[in-house]
1. Karplus couplings for the range 61-76 from phi (6.51 cos²θ - 1.76 cosθ + 1.60, θ = phi - 60°), rounded to Hz, Gly and Pro as x?
2. Quick check: from the Cα gyration tensor, does the range 91-182 come out rounded (a/c under 1.5), prolate or oblate?
3. Where does the chain land at 222 nm, in deg cm²/dmol rounded to the nearest 500, when only DSSP H runs of n ≥ 4 count, each adding -39500 (n - 2.57), divided by all residues?
4. Apply 1/(1 + (r/R0)^6) to the Cβ-Cβ distance of residue 62 and residue 166, taking R0 = 22 Å, and write down the FRET efficiency to the nearest 0.05.
5. Starting with the highest mean, order 158-170, 15-27 by the number of other Cβ atoms within 10 Å, averaged over the residues of each peptide.
6. If you take the Cα Rg of the range 1-41 and divide it by 2.2 N^0.38 Å, with N the number of residues, what do you get?
7. Summing +1 for each Lys or Arg and -1 for each Asp or Glu, what net charge is found among the other residues whose Cβ lies under 15 Å from the Cβ of residue 142?
8. Size of the dipole of the chain about the Cα centre, Lys and Arg at +1 and Asp and Glu at -1 on the beta carbon, nothing else charged, in debye to 20?
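Every read-out reported here was derived from the displayed coordinates using simple, explicitly stated rules and does not represent laboratory data. These numbers come from a predicted model, not from an experiment. Heads up, the Cβs are rebuilt from the backbone with ideal geometry, glycines too, and the neighbour counts pull from every protein chain shown.
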Amino acid sequence: MARRLDRLEALGLADCLCEKVDVTDLASMRQAIRKGEERFGPVDCLVNNAGVMLLSRAHLQDVKEWERMLDVNVKGMLNGIHLVLQSMIERRAGTIISVASVAGIKPGPNLAIYSGAKFAVRAISESIREEAAPHNVRVSVVSPGLVETELLEHTTVPELKEAFQALKEPMGGFLDPADVARAILYVYRQPAGVCVREVVLSATRQLR
């Protein structure tokens, strides 16, 4: 599921159903998941990966940007969990992995709302993990540092985008998205009786 269907279809994934979905739209998520379950059976693993990062000083930032980050990063995650958790509990099987951020562990300037949203991802996940654990359902968090994605392009303050991009050279480059994907796969592939509660990863030379 993604906003840009063409990006998914271009991957040419075998035995895969690609659906255009905005995670803030519960109805469209429900429809997509239902289609997937009709074809493949009940959801075994949900990865909440949608995110928006809009950098700014909190007192200067448009409140609509705050709302967008909370809607996508927090409510979007909750929508996904809402749609799959009950079935997982009833089947006593399933894994939910939500992508947070190092910024949800170590906040910094220009990251107040984003960091708060990612703190929320971690807090909500840990609480639901305790609720779901007696039912043999695993809930995990993967918290990456800076990753080579389009996430930074969401920011509307050019000098902040430039400042973050300037970190790349001294770090020897940001994480590759495949690095994060491998971490997610590692969490999922553990035996059903093993829950990796959180993975935190970054480029070796990333300091924060």
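1. In residue order, the calculated couplings are 7, 4, 4, 4, 5, 4, 4, 4, 5, 5, 5, 7, 6, 10, 5, x Hz.
2. Values: a/c = 3.19, a/b = 1.99, b/c = 1.60.
Prolate.
3. -13000 deg cm²/dmol
4. Details: r = 24 Å, r/R0 = 1.11.
Taking R0 as 22 Å, the efficiency between residue 62 and residue 166 is 0.35.
5. Descending mean neighbour count gives 15-27, 158-170.
6. Working: Rg = 10.3 Å, N = 41, 2.2 N^0.38 = 9.0 Å.
For the range 1-41, the normalised Cα radius of gyration comes out at 1.14.
7. Working: positive: 118, 122, 129, 138, 182, 189, 197; negative: 126, 176, 179, 198.
Here the charged neighbours net out to +3.
8. It works out to roughly 420 debye.
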